[in-house]
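Right, one structure below, let's go through it.
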Amino acid sequence: ICFPVTIRCNASIGQPNRIAIHNSLRVVVTVKNNIYISALGNPNDWTTANDAFNLSGAFGDFTDIRAVQNYGEVTAFHSASNGVKLLTGDEPNNYQITPIEAPQSCQARLGTANANRGSWYVSSRGIYALSVNEFGKILWERDTELSRNIRPIFQNISNPYGNITNVSQALLISNPARNELVFAPRMDNETTYRGQFIFNFDNATWEYRDWE
């Protein structure tokens, strides 16, 4: 797949901030306030009319797109200013960008993962998920917080593990073989990842393990 280095010259796109796959068949890149969408099934085609597409000014007052999160037929864009906007549609005539009510947004570039029928992300206050209501609408819900039992590490409260000093460097990894979500933050100003917090969906429990 040719990403920004190749497309920058022939489409004057510039250096992308974030890259994602939308609706399983198209590559999406963000550049400043714009979204570029590749042609169907061809990640190197950014110019074919009525197929490849550019959503100019898509983010409006958004600043600093921190993470891009794919969730089935929807792609979510998380701003550092705690905003979330969704890209929906599967072709140029029905692409749409809409904001959702989300007091918390993902603050880690590698802090999103799909696991156990949910799409999870790391915010500055905890781990949350986008969810789907009974009408098929994607939304954020406070009840989706997964990190209640490890919340002290986000809140600088005394605990056995330490405190997160830079949430933007946290990792979130899905382990579908064990139905687990692995959360690896950097703690107490350390420059390496000391350990990992693992949530098992079958048991609904957190476990801490040192990196081996």
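The values are calculated or read from the model by the stated rules, or taken from the named source; none is laboratory data. Since this is a predicted model, take the numbers as computed values, not measurements. For the accessible areas, the whole protein counts, side chains as well, though only heavy atoms, and no ligand, DNA or RNA atoms are used. Shrake-Rupley method; radii C 1.70, N 1.55, O 1.52, S 1.80 Å.
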Item checked: Distance between the stretch 149-163 and the stretch 24-79 - C-alpha centres, whole angstrom -> 36 Å
Next item on the list: Considering only protein heavy atoms, with the full assembly of protein chains and a 1.4 angstrom probe, order Asp45, Asp90, Asp210 by accessible area, largest first.
Entry: Asp210, Asp90, Asp45
